[in-house]
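Asker: First, the structure itself, so that you have it in front of you.
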């Protein structure tokens, strides 16, 4: 019994209700359970999903980079499907992060966007992996394009550590809430930490579910292509 | 900072944007899935055609 056939029943039956339930609990935490933050008021509640959008995006790009590295090494199509699925889901969450950030920034900073180092690096990250998707879309199954895209995914994640350290390195204005103490812009109430962690679980489940759906789609696409080719040969 | 109606509007917009993007992505996945289903049905039809006799060797 292959790993896929052991994982499939769990992924198809357990992940959708688990992700939905976790997301409902996360929404309850964000809108009912946590108190208003003292400085920013209700707008701060965007933070719980905004941060997790970015963590899910990073996870997608890390999966894509690891699978791309494995593809470049072993050349197995399963690794390529996983890489492509990781990038697609990663770009989705990255887009969510890039959209929710300015919505938070407008009432707090007084502007939708500023070329702060972290924001700039985040846009670069989105661009790198969007280029990956354009390459894959234009190159179809061309093995050379697939290899170029794999190299791009491996190199592309080098931007993530830069995003993480950019606030300290270039003294940007983006807040670093997670690493800051409670009295210096960090989470001031334990309920805020709980809401963040519950949202993290919800986003992790949603991420795994979407990754699985996309991986299965790419696997089936490839199987159909093989069958069509063989029918063509037999005709 | 006092919460103004504006602040609730920004909060609503952020969460609406997340759900809208997620819905678009799922719709995109659904569309791809339907295309794949159509292709599978077309393949099945080709296999069922009398005289083809190629059902067995398709899978290794």
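Read-outs: derived from the displayed coordinates by stated rules, not from any lab. Quick caveat, the model's predicted, so the values are computed rather than measured. Note: ideal-geometry Cβ built from the backbone for every residue, glycine included; neighbour counts use all protein chains shown.
Asker: Highest first, please rank the peptides B:32-40, A:68-76, A:48-56 by the mean number of other Cβ atoms sitting within 10 Å of their residues. Provide the component values of the computation, followed by the final result.
Answerer: Values: B:32-40: 13.4, A:68-76: 16.2, A:48-56: 22.0.
In descending order of packing, they fall as A:48-56, A:68-76, B:32-40.
Asker: State the dimensionless ratio Rg/Rh of the range A:109-235 (Rg: radius of gyration of Cα atoms; Rh: Kirkwood radius). Display every interim value, and only then the final one.
Answerer: Details: Rg = 21.1 Å, Rh = 18.6 Å.
With Rh from the inverse mean 1/r over Cα pairs, Rg/Rh is 1.13.
Asker: By how many degrees, 0 to 90 and rounded to 10, does the Cα axis of helix A:3-13 deviate from the longest principal axis of chain A?
Answerer: 50 degrees
Asker: Between the range A:4-29 and the range A:103-178, what's the alpha-carbon centroid distance in Å?
Answerer: Using only Cα atoms, the two centres lie 28 Å from each other.
Asker: Taking beta carbons within 10 Å but only from partner chains, what does the mean come to for residues A:38-45?
Answerer: Taking the mean over all residues of the peptide, I get 5.
Asker: For a paramagnetic label modelled at 7 Å from the Cα of residue B:44 toward its Cβ, which residues of the range A:207-235 fall within the zone defined by backbone nitrogen distances under 17 Å?
Answerer: Taking a point 7 Å out along Cα→Cβ of residue B:44, the residues of the range A:207-235 whose backbone N falls under 17 Å are A:220-221, A:223-225, A:227-228.
Asker: Over all directions, what mean area does the Cα convex hull of the range A:24-83 project, stated in square nanometres? Intermediate results must be reported in sequence, preceding the final value.
Answerer: Numbers: hull surface 21.5 nm².
With every direction weighted equally, the projected area is 5.4 nm².
Asker: Starting from the Cα of residue A:24, step 7 Å along the direction of its Cβ; do the same at residue A:76; then give the gap between the two resulting points in nm.
Answerer: Reported label-point gap for residue A:24 and residue A:76 is 3.8 nm.
Asker: Let me ask another. How big is the protein assembly as shown by the Kirkwood estimate over distinct Cα pairs, in Å? All intermediate terms of the calculation are to be shown ahead of the outcome.
Answerer: Numbers: mean 1/r = 0.0471 Å⁻¹.
For the protein assembly as shown, the Kirkwood estimate is 21.2 Å.
Asker: Please sort A:5-12, B:20-27 by packing, taking for each peptide the average over its residues of neighbouring beta carbons within 10 angstrom, highest first. Walk me through the numbers before you get to the answer.
Answerer: Details: A:5-12: 11.6, B:20-27: 13.8.
Those peptides, ordered most packed to least, come out B:20-27, A:5-12.
Asker: For n ≥ 4 DSSP H runs only, could you compute -39500 (n - 2.57) per run for chain A, divide by its residues and tell me the 222 nm figure to the nearest 500?
Answerer: Numbers: 8 runs with 179 residues, N = 235.
Here the helix-only value at 222 nm equals -26500 deg cm²/dmol.
Asker: Give me a single rounded figure for A:204-215: the average over its residues of other chain Cβ atoms within 10 Å of their Cβ. Intermediate values should be presented prior to the final figure.
Answerer: On the way: counts 0, 0, 1, 0, 0, 0, 4, 0, 0, 6, 4, 0.
Per residue, the number of nearby Cβ atoms from other chains is 1 on average.
Asker: For a bin width of 10 Å, list the pair-distance distribution of the range A:48-162 built from all Cα-Cα distances, rounded to whole %.
Answerer: Percent of Cα pairs in each bin: 15, 45, 26, 11, 3, 0.
Asker: Here's a follow-up. So how many Å³ per residue does the convex hull of the Cα atoms of the range A:1-113 work out to? Walk me through the numbers before you get to the answer.
Answerer: Details: hull volume 12.5 nm³, N = 113.
In the range A:1-113, the Cα convex hull volume per residue is 111 Å³.
Asker: Partner chain Cβ atoms within 10 Å, averaged over the residues of A:220-228 - can you pull that number for me?
Answerer: 4
Asker: Enter the angle in degrees (range 0 to 90, nearest 10) between the Cα long axis of helix A:117-139 and the first principal axis of the Cα atoms of chain A, meaning the one along which they spread out most.
Answerer: Its long axis makes an angle of about 20 degrees.
Asker: If we count other beta carbons within 10 Å of each Cβ, what is the order of A:111, A:146, fewest first? Don't skip to the end; give the middle numbers.
Answerer: Numbers: A:111 9, A:146 21.
Placing the least packed residue first, the sequence is A:111, A:146.
Asker: Want the number for residue A:158 to residue A:188: 0.36 nm per residue separation, take away the alpha-carbon distance, what's left? Intermediate results must be reported in sequence, preceding the final value.
Answerer: Values: separation 30, 0.36 × 30 = 10.80 nm, distance 3.21 nm.
Here the answer is 7.6 nm.
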